[in-house]
């Protein structure tokens, strides 16, 4: 009996990058797209950001490489992890942690506002991650619900460090960054800033958004939004607890020099009156779980 020749395996027509098989597109921008991918050996799912370098000018390239440099040094359970960078002549591939739960923004659209118990668990994770960045002298500058992702266990993962930068105490930054509804008043005024204080303002906006399902400051146009931010007045919903209201007041302070900070001080004797270490901030909302994880029900 004649044996047939062994049949060769069918060719894999799915595109690959390194050891990753690219699957569906899960995000798209002007010069980049994000694809879900799977490691060919382990089966681990990742997100691969594919950036066309040929479409970027020198300033944008410099900003991109700064983002990569910053992400490489960050290692926190509530920050999207950068696993690998693959570069060709025309394309940059960023292999990152995949947060399958999607954006907090989309979660709020689908489910409405969070109960305070849920909001404080999420907010504590966000504060922990931002405090970690500030300890490393990194400011995010684009904190918003769209840049807060959720993993399969509903834990927060801060993403998109495209506007992030290193800061130095005593040296000012001057770039208006981020989304206007989350932007601090000093940014609308064109003032220079240290860095962390603009993140702290954005944290206040995020807390309000989690608890109410809406923005504290909004407008029909940028001019109207600017006026409302500079007034610093926002509506307190009837269902918001006094603890939450008091916490908001520590973040949404018009004067940046009086706004709470997340930096770790040398000790109580050296702490400024408005210093708010991350754990202390979150203890105002009692019953918060430890940063990094959401306990299973």
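What follows is calculated from the coordinates using simple rules that are stated; it is not laboratory data. These numbers come from a predicted model, not from an experiment. No Cβ is skipped: glycine too gets one built from the backbone with ideal geometry, and neighbour counts run over all protein chains shown.
Legend: ranking of residues 253, 51 from fewest to most surrounding C-beta atoms inside 10 Å; resulting order 253, 51. What FRET efficiency comes out for the pair residue 238/residue 100, r = Cβ-Cβ distance, R0 = 35 Å, nearest 0.05? So, using R0 = 35 Å, E works out to roughly 0.50.
Model label points for residue 179 and residue 257, set 7 angstrom from Cα along the Cα-to-Cβ axis, are 3.2 nm apart. Note on residue 192 and residue 153: their simple-model spin labels are 4.4 nm apart, each label 7 Å out from Cα toward Cβ.
For residue 231 and residue 72, what is the calculated FRET efficiency with R₀ set at 51 Å and r taken between the beta-carbons, to the nearest 0.05? Plugging the Cβ-Cβ distance into 1/(1 + (r/R0)^6) gives 0.80. Ranked by how many other Cβ atoms sit within 10 Å of their own Cβ, fewest first, the residues 224, 146 fall in the order 224, 146. Each of residue 26 and residue 117 was given a label point 7 Å from its Cα along the Cα-to-Cβ line. The distance between the two points is 2.9 nm.
Each of 144, 115 has some number of other Cβ atoms within 10 Å of its Cβ, and from fewest to most they run 115, 144.
Figure legend: label point modelled 7 angstrom from the Cα of residue 65 along Cα→Cβ; residues of region 158-201 with amide N under 19 Å from it are 161-167.
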